[in-house]
Amino acid sequence: MAEARPSGPRVVARDTVVLGGLNFLASLTSFGFQWAMARLLAPGDYADLFAVLALFAVLSVPSQLLLPIGTRITSLAVVARGRSAALEVLRRAIVRGGLVGLVAWIVVAATSGAIEFLLGTDNRPAIIWLGCAVAIAFVVPYTKALLTGLRAFLLLGASNLVDGALRAGIGVGLVALGFGVAGGMAASALSGIVGVLVVVIAAPYIARATTEAPVETPPDASGMSAHVRVGLLSLSLAILMNVDVLVVRHFFDDANASLYAASALVGRIVLFASAPAAQVVLPHIIRQVAAREPFTRTFAVTAAFTMLISGGAALIIVVAPEFVFQIIFADRYVPDPPLVWAYTLVGSLLALLTLLTYFHIGAGTLRVWLVLVPLSIACAVTLWLQHETLTAVAWTLDAFLGAGVIAMLGWAVMVLRRDRAGGGRQPAEAGTRRS
């Protein structure tokens, strides 16, 4: 029988590199999808697709909440009862998620007229496929949570790569066949279905591949209250990541909305490039807190990766925005440097805020929702009321994200000081029980 996988700074660094490398390839396929859509669709259709995809991210927020919640539940189950316990979590979650997803699809179809008005489009088939994608999105997070909770980051990265390749291939094929925006949206749903089936079939083999020795004192999952707070944190992140695109699509014309969408795609390269560090840190911090091990070095490693990768990506974009736009969009969009610079900062701040949020979830300091929830609501209201120019929208978002990073970082420093003072042997309330 294989030995239990260790957890520490070196392992975190290795997992971050593995997941980061595979996710980089997956990101290339995702950008390939966006690149193809930007070239195959007219500017107005591309703006419609980007807005529908942004609305997809918002409508699937409940499902996005399930990824950190599911990862937390799976990680705690593995820590307390071993890796086979994760399969029990997956089986129950897929049934519940599938039923909720079906209801969500029906609701989206029933309100498709209102959604068309919100987005300023008349593409009903794209809205129907949006509902299908939302339904699948209630199941996908559980499969990814299983792999993350098991710390099977090689398999997680491979699944992300396959999903991205399928999405790009299906999307290009359907759009080329004349299905337009609906074809681009259908790609997200169909690739998600295939990804779920693959993980479900492979899950028993994955769980048996290694063992996990339970900790001496099983952690307390803190019940429903903790899950709600994790959900609120994820909801706040989702709002901050998508509300600006929806506001711009609603208030600006096709040309401006599509330019903002293109600038947002470029600026979010920074976020996508550094995202693996946040995903890796969550199950490792949960394991270390439960085992009463110090986790300061683990956080330092992931923070270093995040700043190095996001800083490098941001530098390339800021120095050569024309070059980046030319690679992605050819001559379809001419970059507006001030807007690109502002949104590159958005991507950098989102990367840091995501890392800090996942760290706090892993460390059990869930009261940070008192910072992030009001911040996201205030940001959404401000953007809806004040949106004079595209650049002003981006800088307003920067201001709120910067405030969030400062507050979350200050809270993290206090947690790390307690960790260093306790030498890793903190009371349970400082880790899994505190909410």
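The values are calculated or read from the model by the stated rules, or taken from the named source; none is laboratory data. Since we're looking at a predicted model, the values are computed, not measured. Glycine gets a Cβ as well: all are built from the backbone with ideal geometry, and neighbour counts include every protein chain shown. Heavy atoms of the whole protein, side chains included, go into the accessibility calculation; ligands, DNA and RNA do not. Shrake-Rupley method; radii C 1.70, N 1.55, O 1.52, S 1.80 Å.
Can you find a residue in region 251-261 that is surrounded by fewer than 18 Cβ atoms within 10 Å (Cβ to Cβ), among the polar types (S, T, N, Q) and free of Cβ contacts under 8 Å to residues at least 24 places away in the same chain?
Here is the first cut: in region 251-261, the residues surrounded by fewer than 18 Cβ atoms within 10 Å (Cβ to Cβ) are 251, 253-256.
Okay, now just the ones that are also among the polar types (S, T, N, Q), so 256.
Subsequent filtering for residues that are free of Cβ contacts under 8 Å to residues at least 24 places away in the same chain retains none.
There is no residue in region 251-261 that is surrounded by fewer than 18 Cβ atoms within 10 Å (Cβ to Cβ), among the polar types (S, T, N, Q) and free of Cβ contacts under 8 Å to residues at least 24 places away in the same chain.
Would you mention how many residues in region 166-187 are surrounded by fewer than 18 Cβ atoms within 10 Å (Cβ to Cβ) and in a helix (DSSP H, G or I)? Walk me through it before giving the result.
Of the residues in region 166-187, the ones surrounded by fewer than 18 Cβ atoms within 10 Å (Cβ to Cβ) are 169, 173, 176-178.
Restricting the remaining residues to those that are in a helix (DSSP H, G or I) gives 169, 173, 176.
Of the residues in that region, 3 qualify.
Determine if region 383-394 includes at least one residue that is open to solvent by 60 Å² or more (accessible area, probe 1.4 Å), closer than 25 Å to G20 by Cβ and either assigned to a helix (DSSP H, G or I) or not aromatic (F, W, Y) (or both). Steps first, please.
As a first pass, look at region 383-394 and keep what is open to solvent by 60 Å² or more (accessible area, probe 1.4 Å): 384-386, 388-389.
Then drop every residue that is not closer than 25 Å to G20 by Cβ, which leaves none.
Scanning region 383-394, I find no residue that is open to solvent by 60 Å² or more (accessible area, probe 1.4 Å), closer than 25 Å to G20 by Cβ and either assigned to a helix (DSSP H, G or I) or not aromatic (F, W, Y) (or both), so the answer is no.
Among the helices (runs of 4 or more DSSP H) contained in region 43-136, which hold 3 or more residues that are under 23 Å from L233 (Cα atoms)? Break it down into steps so the answer makes sense when it comes.
Working: elements: 43-59, 61-81, 85-110, 112-119.
Fully inside region 43-136 and qualifying: 43-59, 61-81, 85-110.
Scanning region 80-122 for residues that are farther than 30 Å from V247 by Cβ and either modelled with pLDDT under 75 or small (G, A, S) (or both) yields A80, R81, G82, R83, S84, A85, A86, A93, G98. Under the condition of being of a type in the set (D, E) and touching a helix residue (DSSP H, G or I) at 6+ places or on another chain (Cβ under 6 Å), which residue from region 223-280 is modelled with the highest pLDDT? Among those that are of a type in the set (D, E) and touching a helix residue (DSSP H, G or I) at 6+ places or on another chain (Cβ under 6 Å), it is D244. Of all positions in region 23-40, at least one carries a residue that is open to solvent by 20 Å² or more (accessible area, probe 1.4 Å), farther than 20 Å from N160 by Cβ and either assigned to a loop (DSSP other than H, G, I, E, B) or modelled with pLDDT of 75 or more (or both).
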